[in-house]
1. Exactly one of (1) over 17 Å from the mean Cα position of the chain (by Cα); (2) in a loop (DSSP other than H, G, I, E, B) is unmet by Ala58. Its number?
2. Kindly indicate whether Met16 is surrounded by 10 or more Cβ atoms within 10 Å (Cβ to Cβ), not hydroxyl-bearing (Ser, Thr, Tyr) and not in a helix (DSSP H, G or I).
3. Output yes when any residue across the stretch 36-43 is without any contact (Cβ under 8 Å) to a residue 40 or more places away in the chain, small (Gly, Ala, Ser) and touching a Leu at 6+ places or on another chain (Cβ under 9 Å), and no when none is.
4. Looking only at the stretch 19-44, how many residues end up being part of a loop (DSSP other than H, G, I, E, B) and surrounded by 12 or more Cβ atoms within 10 Å (Cβ to Cβ)?
5. For Leu64, indicate whether it is modelled with pLDDT of 95 or more, surrounded by 10 or more Cβ atoms within 10 Å (Cβ to Cβ) and part of a helix (DSSP H, G or I).
6. Could you give me the residue pairs with C-beta distances under 6 Å whose first residue belongs to the stretch 8-22 and is within 15 Å of Val38 (Cα to Cα), whose second residue is surrounded by 11 or more Cβ atoms within 10 Å (Cβ to Cβ) and β-branched (Val, Ile, Thr) wherever it lies, and which are 6+ apart or on separate chains?
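The values are calculated or read from the model by the stated rules, or taken from the named source; none is laboratory data. These figures come from a predicted structure and were not determined experimentally. Cβ placement follows ideal geometry from the backbone for every residue including glycine, while neighbour counts extend to all protein chains displayed.
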Amino acid sequence: MSELAAPHDMALPSLMGHLKKLEDAGLIITAKEGRVRVCELAPDTFVPVQDWLSEQRAIWESKLDRFDDYVTNLMRERSQ
């Protein structure tokens, strides 16, 4: 765990508290192997977020495409 804490300028107990919250939320899985605790993401828990983000991306791409068309037409009308 000290390897995880080092780049984040935080004490090991603080990092452990954060990891515990992530584990309780089901976002990570931890396992103790000897004196080492291994952490890994629980990818299935991120699927709903990925689905929602994909939907939002499609909505915003459509809105931005319409906005681009509007600006293009506006520029064309002003140049005539």
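1. Answer for Ala58: the failing condition is (2).
2. Values: surrounded by 10 or more Cβ atoms within 10 Å (Cβ to Cβ): yes; not hydroxyl-bearing (Ser, Thr, Tyr): yes; not in a helix (DSSP H, G or I): no.
For Met16, the condition - surrounded by 10 or more Cβ atoms within 10 Å (Cβ to Cβ), not hydroxyl-bearing (Ser, Thr, Tyr) and not in a helix (DSSP H, G or I) - is not met.
3. Initially, the stretch 36-43 is screened for residues without any contact (Cβ under 8 Å) to a residue 40 or more places away in the chain, giving 36-43.
Filter once more, keeping what is small (Gly, Ala, Ser): 42.
Subset that is touching a Leu at 6+ places or on another chain (Cβ under 9 Å): 42.
Yes, that holds for at least one residue.
4. Step one: filter the stretch 19-44 for residues part of a loop (DSSP other than H, G, I, E, B), giving 25-27, 34-35, 42.
Add one more test, that the residue is surrounded by 12 or more Cβ atoms within 10 Å (Cβ to Cβ), and what stays is 27, 42.
Residues flagged as part of a loop (DSSP other than H, G, I, E, B) and surrounded by 12 or more Cβ atoms within 10 Å (Cβ to Cβ) within the stretch 19-44 amount to 2.
5. Details: modelled with pLDDT of 95 or more: yes; surrounded by 10 or more Cβ atoms within 10 Å (Cβ to Cβ): yes; part of a helix (DSSP H, G or I): yes.
Answer is yes for this residue.
6. If the second residue must be surrounded by 11 or more Cβ atoms within 10 Å (Cβ to Cβ) and β-branched (Val, Ile, Thr), the pairs left are Leu22/Ile28.
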